[in-house]
Amino acid sequence: MSKDYYKILGVEKNANQEDIKKGFRKLAHQHHPDKKSGDEAKFKEINEAYQTLSDPKKRAQYDQFGSDFGQYSQPSGSSGFEGFSGFNGGFNINMDDLGDILSDFGDSFGFSNRGGGGQRGRASRGRDIQVVLSIDFIEAVFGVEKEISLKKTIKCTRCKGEGMEPGTTVITCKTCNGSGHIVKVQRTIFGNMQVQMTCGDCGGEGKTFKEKCTACHGIGIVNELVNFKVKIPAGINNNETIRLSGNGEAGAKNGQPGDLYLKIRVNPDRRFERDGVNIKSQVKISFSQAALGGKIEVITVDGLVDLKIPEGTQSGRVFILRNKGVSHLNSHYRGDHLVEVIVKTPTNLNRKQKEVLKEFGL
Ligand SMILES: [Zn+2]
Ligand SMILES: [Zn+2]
C-alpha cells in the first residue's frame, strides 16, 4: 500500500524543502528510538518519508507513482550483503540533520552512521561514521592527541577491493545475461507496469566473477577493528565536531570512503568554567585580606598564578588574568581567566576581635 509521506511528516503537499526539513527534525526528535518516548518503527517511517521528500527527483517520482514505486526502481542493497552484519539497519539520515539530532541525545547515541549501502556488484560510497569522543577540560584547552579504536569496514586486501578471488576469471552475469538490468512486472493502480531494475548480482556491469573473493564475499570490503591517532586542536569546545574526510567506512568495490565525524564531549572540571575562550573561577579570600589587601595564588590552566588583592576589595569583584584562557581555534591568541573574589565573612570571632571591629564601625 502506498504511504502518505506528507501526512507522515505533517506537512502540506505543496510544502517547500525548508518545511519538510522542519517537519522531519521535529518528529525525528520526538520519536528517536534512544528517547524514552521513542518509537523505532515510527522513526523509520519518518526517515523513509524524509528521504523521499527531501530529494526533488524522488519526490517527483513519489508524487506521480506513490511510495511503492521507489522500492522497485531502487532495489535495497541490504540483501546483497550476506555474511556482512557490521552496520545494517542503520537509518539513512543526512549528516546535517544527524548532527542536530545527535546533540540532543548525548552519550546515549555514542555511535552511529549513515548508510549508502550499495548493490553487491557496484562501487558505492562508504558510510559516514559518527563517534563521540570524551576529552578532559585541560585537553580541550591545549589540544591533545587521542588514540581511537573503531570497528569499521576497510578495503579487502585479498582482492584489493575488487571483490574477485585472485586467479579467477571474469564471466558474463547469468542473472541478466550481460545486459546489466532485469525487468520486473509490478502491479500498480494503473495496472501492471514493467519496471527495469539494475541487476543486483552484477550491479549493472553485466559481468561478474567466476569466484568471489573468499575474504569479503565479493563486496571488496571487510569489517575490522582499526586503531588510529587523532589530533584534537587546542580550543575545541563541548559538542563541536571534527570531520575527518575519508576516514569513514571503506566503499564497496573500491568506492569512495565515507567520512568520520568526531563529536567532542568535554568533561567538566570542578575548578574551572568555560565561557567561550575565557575561563572563569572563584576564589575565597579572608575578611582581612579584602580589607587590607594582599597577595593570593589562583589556580589557572597554566598552574598557580599570583594575584594582588588591593585594599578594600569587595566580594564579587572580578579580576582578569590576561592570556590564561583558552586558545582560539587555529591561532595562538588566547582568552583570559576571570577570577571572581568571594570574601568570607568571619564567624566565631572572639571578644577582642569583635571589639576591634566595633571600634571601626565595621
Ligand atoms: Zn576481497
Ligand atoms: Zn547481472
Hydrodynamic radius (Kirkwood) for the range 273-360, which is based on Cα pairs only, to one decimal in Å: 14.5 Å
Rounded percent of accessible protein surface that carbon and sulfur make up, the range 160-217, 1.4 Å probe: 50 percent
Residue-normalised accessible area of the range 273-360, given per residue in Å² at a 1.4 Å probe: 67 Å²
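Can you give the local net charge around Q289? Use residues other than it whose beta-carbon is closer than 14 angstrom to its beta-carbon, Lys and Arg +1, Asp and Glu -1.
Values: positive: K284, K295, K308, R317, K344; negative: E297, D306, E311.
Here the charged neighbours net out to +2.
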Shape category assigned to the range 121-193 from the gyration tensor of Cα positions, a/c cut at 1.5: oblate
Percent carbon-and-sulfur accessible area, the range 273-360, ignoring ligands, DNA and RNA, probe 1.4 Å: 49 percent
Magnitude of the charge dipole, the range 2-62, Cβ model with Lys/Arg +1 and Asp/Glu -1, debye to 20: 60 debye
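Need one word for the range 211-362: rounded, prolate or oblate. Basis is the Cα gyration tensor (sqrt eigenvalues a ≥ b ≥ c); a/c below 1.5 gives rounded, then a/b vs b/c decides.
On the way: a/c = 5.99, a/b = 3.84, b/c = 1.56.
Taking the square roots of the gyration eigenvalues as a ≥ b ≥ c, the range 211-362 is prolate.
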J(HN,Hα) series, the range 211-222, from Karplus relation 6.51 cos²θ - 1.76 cosθ + 1.60, nearest Hz, glycine and proline x: 10, 7, 3, 6, 7, 10, 6, x, 7, x, 9, 10
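What does the highest-first list of 280-290, 217-227 look like by mean Cβ count within 10 Å?
Details: 280-290: 15.9, 217-227: 19.0.
Listed from highest to lowest mean packing, they are 217-227, 280-290.
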Size of charge dipole - the range 112-242 - debye, nearest 20, with Cβ of Lys, Arg +1 and Asp, Glu -1, no other charges: 620 debye
For the range 219-294 and the range 4-34, distance of Cα centres in Å: 32 Å
Distant-in-sequence amide H partners of C173 (H built 1.01 Å from N, under 5 Å): G178, K207, T208
Percent breakdown of C-alpha pair distances by 10 Å bin, ordered from the shortest bin, for the range 1-74: 21, 52, 25, 3
Cβ-Cβ FRET estimate between H181 and T214, R0 fixed at 25 Å, reported to 0.05: 0.35
Å² of accessible area per residue within the range 116-179, as computed with a 1.4 Å probe and no ligands counted: 49 Å²
Cα shape, the range 158-238, gyration tensor, a/c 1.5 rule: oblate
Additional length obtainable on full extension of the chain from K7 to E273, 0.36 nm per residue less Cα span: 91.2 nm
Using a Förster distance of 56 Å, the FRET efficiency for E359-K26 (Cβ separation, nearest 0.05): 0.25
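Greater than 23 Å separation of Cα atoms is the criterion. Which listed pairs, K44/K207; K151/K229; K3/K152; K152/K229; K308/K344, meet it?
On the way: K44/K207 35 Å; K151/K229 14 Å; K3/K152 34 Å; K152/K229 15 Å; K308/K344 17 Å.
Over 23 Å Cα-Cα: K44/K207; K3/K152.
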Cβ-derived FRET efficiency at R0 25 Å, R322 paired with V230, nearest 0.05: 0.20
Net charge, K308 excluded, C-beta distance under 13 Å - Lys, Arg +1, Asp, Glu -1: -1
Other-chain or far-sequence residues with amide H under 5 Å of R265's (modelled H): L133, S134, I135, N239
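The values are calculated or read from the model by the stated rules, or taken from the named source; none is laboratory data. Everything numeric in this text was worked out from a predicted model, so none of it was measured. A quick note on method: Cβ atoms are made from the backbone with ideal geometry, for glycine too, and the neighbour counts reach across all protein chains shown. Side chains are part of the model used for accessible areas, which takes the heavy atoms of the whole protein and leaves out ligands, DNA and RNA. Shrake-Rupley method; radii C 1.70, N 1.55, O 1.52, S 1.80 Å.
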